[in-house]
Amino acid sequence: MQNEVQFAGFGGQGIMLIGKILAHAAMEEGFEVSWVPSYGPEMRGGTAYCTVVISDQPIGSPVIKNPRHLVAMNRPSLEKFAPAVQKGGIIFINGSLISVNSGRDDVDELVVPVVEMAKELGNVKTANIIALAAFVARSGVVGIEALKGSIKEEFAQKQKLIPMNMQAVDAGIQAAKKD
Amino acid sequence: MSKVLMKGNEAIGEAAIRSGCLNYFAYPITPQSEVAEYLARRMPEVGGVFLQGESEVAVSYMIFGAAAAGARVFTTSSSPGISLMSEGISYMAGAQCPAVFVNIMRGGPGLGGILPSQADYFQATKSLGHGDFRLLVMAPASVQEAVEMMMDAFPLAEKYRNPVMILGDGLIGQMMEPVEFPDSKKTEPLNNDAWATSGLDTRKSDTRNLVKSLFLDPEALNNNNLLLKSKYEQMKREEVRFEAYNTDSAYNVLIVSYGTMSRVCRTAIDSMKADGIEVGMIRPQTLFPFPEDQIRAAADVTHCSVVASIEMSMGQMIEDIERSVQGKKPVKWFGKCGGDVPTPEEVVA
């Protein structure tokens with residue numbers, strides 16, 4: 001069984017970070033993983049995307065044309081990658097910045113206004129964690145405990161940020177249920 | 001030891017430290033700058049040295065100097081940077097100095113681009129610099145394999161007193177995968193008192209060692225080149241590494257592919273197998289020495305009708321494959337080298 005998740009948005013949204021957190025959580029659960037960034041002459045505000053492959057077998061190609069799932073954090077990303085998502089996959093849409101839907105009726109579309117939710121929590125920077133948690137809760141690609149463990153490890157040097165990010169995880173899980 | 005999730009570039013740096021290499025000189029260039037970034041922080045923690053040179057040419061001579069003094073030393077760069085280092089590497093091969101050079105390739109020629117590529121195959125395996133010399137060239141296909149090859153590279157460089165190159169494409173440097181640093185691959189540097197200019201006091205010797213690549217006497221130069229040749233012949237006998245995939249099937253097509261490209265091919269082979277088409281693959285793990293005999297044997301079976309070289313370059317490896325196959329089967333090429341990594345779907349097509 002192999003899951004591929006494409007994370008996409010603009011530089012500064014924490015796209016690379018949530019991809020890494022997911023890959024790390026999956027590794028802790030015993031899966032084979034690979035994380036491939038888009039890298040180019042990138043800058044804050046430019047495009048940013050990464051692909052995470054999670055498998056119970058050694059991973060062949062880390063380069064994926066048709067990912068199973070997509071987490072789109074801005075509209076250009078959604079328009080670029082939505083057509084490539086496999087039938088039956090999940091398309092997560094950052095409802096705060098994207099006013100359209102994927103145009104696909106053969107996928108599970110999950111729209112969450114993560115920016116507003118993050119502001120309610122008191123830190124807009126947690127929007128990416130809310131998105132990741134909502135996606136994980138809906139897809140089950142890794143367990144919530146592994147996800148929380150991975151976030152705690154990521155913020156090990158910044159302990160004071162952990163409680164807020166745990167709240168962000170819980171908010172994401174709730175959002176995935178409501179939809 | 002448990003697995004850690006690391007970027008290829010960082011894992012390469014850590015693998016060098018775990019190999020007991022505490023000397024790193026480099027000049028930053030995409031897509032391998034994270035090695036320098038990582039080691040700038042890590043080397044001081046372990047009592048090592050990271051010194052950024054003023055250019056890649058200078059770096060190659062810092063490496064030469066450290067190696068001549070008997071130290072384990074390595075550098076990392078990417079294609080245009082390796083071209084600049086080629087002069088120093090040639091001097092080191094002539095003077096028989098061990099060191100490890102990592103090339104995380106980007107597209108070329110010229111400044112090219114910064115995306116993944118395998119366009120330095122010729123450079124690494126045939127014409128890195130002037131003069132009659134070769135490097136032992138290893139090509140990893142995963143972050144874990146990059147770590148293991150790094151840890152093997154230092155003892156191999158010392159065994160042959162010759163530079164060793166790790167040739168990875170940009171993805172090997174940029175990708176994150178789980179890695180382990182096997183304790184079993186830790187090695188101690190060989191005693192090199194017999195040749196290195198490590199200092200008469202530490203060596204407790206009365207005789208001076210001289211490290212040089214200048215041999216003005218024709219016979220002496222000829223003898224030095226014969227000695228180098230004998231080392232390269234020994235590499236061909238003892239150091240060939242390769243991996244076979246799906247070669248126990250009745251494959252009609254044999255793919256030869258290395259590095260990240262070979263993993264794309266593996267996925268393509270699996271998907272074709274599901275459609276009832278059998279394709280085998282030989283993945284060279286060493287590009288010099290090249291697994292000639294193994295490729296010839298795999299091509300020279302009745303059910304194999306064609307051999308395909310699949311690479312992120314314009315068919316540079318095809319000449320080595322043709323040389324291996326010796327005209328017994330046609331050899332075709334598929335590749336891309338603008339920076340996109342070909343997808344499994346394209347390989348199938």
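For first residues located in region A:73-90 and touching a residue at least 40 places away in the same chain (Cβ under 8 Å), partners that are open to solvent by 50 Å² or more (accessible area, probe 1.4 Å) and acidic (Asp, Glu) and lie 6+ apart or on another chain with Cβ distances below 7 Å form the pairs A:90/A:108.
In region B:299-308, is there at least one residue being at pLDDT 90 or above, under 24 Å from the mean Cα position of the chain (by Cα) and among the polar types (S, T, N, Q)? Among the residues of region B:299-308, not one is at pLDDT 90 or above, under 24 Å from the mean Cα position of the chain (by Cα) and among the polar types (S, T, N, Q), which makes the answer no. Contact annotation: residue pairs with Cβ atoms under 6 Å, 6 or more positions apart or on different chains, pairing a residue in region B:298-318 that is more than 23 Å from residue B:118 (Cα to Cα) with a partner that is open to solvent by less than 10 Å² (accessible area, probe 1.4 Å) and in a helix (DSSP H, G or I), are B:299/B:325. Residues in region A:50-70 that are outside any strand (DSSP E or B) and either open to solvent by 10 Å² or more (accessible area, probe 1.4 Å) or within 8 Å of chain B (Cβ to nearest Cβ) (or both): A:56, A:57, A:58, A:59, A:60, A:61, A:62, A:63, A:64, A:65, A:66, A:68.
Only one of the numbered conditions (1) more than 17 Å from residue A:131 (Cβ to Cβ); (2) away from chain B (no Cβ under 11 Å); (3) not aliphatic (A, V, I, L, M) is violated by residue A:99, and that is (1).
Checked against (1) of a type in the set (Ser, Thr, Tyr); (2) open to solvent by 80 Å² or more (accessible area, probe 1.4 Å); (3) part of a loop (DSSP other than H, G, I, E, B), residue B:184 passes all but condition (3). Which of the residues spanning region A:168-179 are part of a helix (DSSP H, G or I) and either over 14 Å from residue A:25 (Cα atoms) or open to solvent by 50 Å² or more (accessible area, probe 1.4 Å) (or both)? A:168, A:170, A:171, A:172, A:173, A:174, A:175, A:176, A:177, A:178, listed by residue number. Exactly one residue out of B:270, B:248 is surrounded by fewer than 22 Cβ atoms within 10 Å (Cβ to Cβ), acidic (Asp, Glu) and within 14 Å of chain A (Cβ to nearest Cβ), and it is B:270.
Is it the case that some residue within region B:62-71 is of a type in the set (Phe, Trp, Tyr) and over 20 Å from the mean Cα position of the chain (by Cα)? No, that holds for no residue.
Residue-wise test of (1) within 14 Å of chain A (Cβ to nearest Cβ); (2) open to solvent by 80 Å² or more (accessible area, probe 1.4 Å).
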position: B:211; (1), (2): no, no
position: B:221; (1), (2): no, no
position: B:227; (1), (2): no, no
position: B:233; (1), (2): no, no
position: B:237; (1), (2): no, yes
position: B:244; (1), (2): no, no
position: B:255; (1), (2): yes, no
position: B:261; (1), (2): yes, no
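Among residues of region B:216-240 that are within 24 Å of residue B:320 (Cβ to Cβ), those with a beta-carbon under 7 Å from a residue that is open to solvent by 40 Å² or more (accessible area, probe 1.4 Å) and not aliphatic (A, V, I, L, M) at least six positions away or on a different chain give the pairs B:225/B:132; B:228/B:132; B:232/B:134. Pairs only if they're at least six apart or on different chains, beta carbon under 6 angstrom, first in region B:169-181 and within 13 Å of residue B:145 (Cα to Cα) and more than 10 Å from chain A (Cβ to nearest Cβ), second open to solvent by 10 Å² or more (accessible area, probe 1.4 Å) and among the charged types (D, E, K, R); list them, first residue then second. Pairs found: B:180/B:3; B:181/B:18.
The values are calculated or read from the model by the stated rules, or taken from the named source; none is laboratory data. For clarity, every value in this text was computed on a predicted model and none was experimentally measured. Ideal geometry is used to build each Cβ from the backbone, glycine not excepted, and the neighbour counts take in all protein chains shown. Protein only, heavy atoms only, side chains kept; ligands, DNA and RNA dropped before computing areas. Shrake-Rupley method; radii C 1.70, N 1.55, O 1.52, S 1.80 Å.
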